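First the structure, in the form of structure tokens, and then the observations on it.
The values are calculated or read from the model by the stated rules, or taken from the named source; none is laboratory data. These numbers were taken from a predicted model, which means no experiment stands behind them. Note that we place each Cβ from the backbone using ideal geometry, even for glycine, and neighbour counts take in every protein chain shown.
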């Protein structure tokens, strides 16, 4: 197999050297969580927020009192998730938490948003996994259909979104991504 690189050269890639960055224990835990999500989490009635908090805690998530996680939310690894009190993950939110995702108290993550802690190193012919944590501060709102991710060393531009993330503590006229430390 050969891969075309950005500068129009090709590199030979041995697919046998493309091993998973995740341990067998991690893979087994995700398999168990996938079964629990499919059979117990996803089909639960919308109003059973307590039941879904219980299931997530059972798989190692730190979920605050009164948090509302909707049944259509997809969570990759609950043990990497921390949600503060009275926060919400709305309909069809995708929480790809390969690394730690910390969500403060009184936060709203609106429908169809994507929280992504991982990517691939495009400079590596094997496209090795890269990851970094995401933190959403207290009393923040991530509007509908937003991609929240980290900027990796090989990335050329910040993530694009069709909406902005707002926070009570952010400066007017600037998105919260511009006001976060390390941006």
Query - Every residue from region 80-99 that is within 16 Å of residue 30 (Cβ to Cβ) and either modelled with pLDDT under 95 or part of a loop (DSSP other than H, G, I, E, B) (or both) - result: 97, 98, 99
Query - For residue 114: the one exception among (1) touching a strand residue (DSSP E or B) at 6+ places or on another chain (Cβ under 9 Å); (2) modelled with pLDDT of 95 or more; (3) farther than 19 Å from residue 63 by Cβ; (4) surrounded by fewer than 18 Cβ atoms within 10 Å (Cβ to Cβ) - result: (4)
Report task. Starting from residues that are within 12 Å of residue 142 (Cα to Cα) and crowded, with 20+ Cβ neighbours inside 10 Å, keep the ones in region 94-107 and report whichever is nearest to the chain's Cα centre (by Cα). Result -> 103
Query raised in the report: Which condition does residue 54 not pass, out of (1) free of Cβ contacts under 8 Å to residues at least 12 places away in the same chain; (2) assigned to a strand (DSSP E or B), if it passes all the others?
Result: (2)
Query raised in the report: Does residue 91 satisfy the condition of being within 12 Å of residue 69 (Cβ to Cβ) and surrounded by fewer than 18 Cβ atoms within 10 Å (Cβ to Cβ)?
Result: yes
Report task. Could you list all residues from region 100-131 that are closer than 24 Å to residue 67 by Cα and assigned to a loop (DSSP other than H, G, I, E, B)? Result -> 100, 104, 105, 106, 107, 110, 111, 112, 113, 117
Report task. Go through (1) in contact with a helix residue (DSSP H, G or I) (Cβ under 8 Å, 6 or more places away or on another chain); (2) modelled with pLDDT of 85 or more one by one and return the number of the condition residue 169 breaks. Result -> (2)
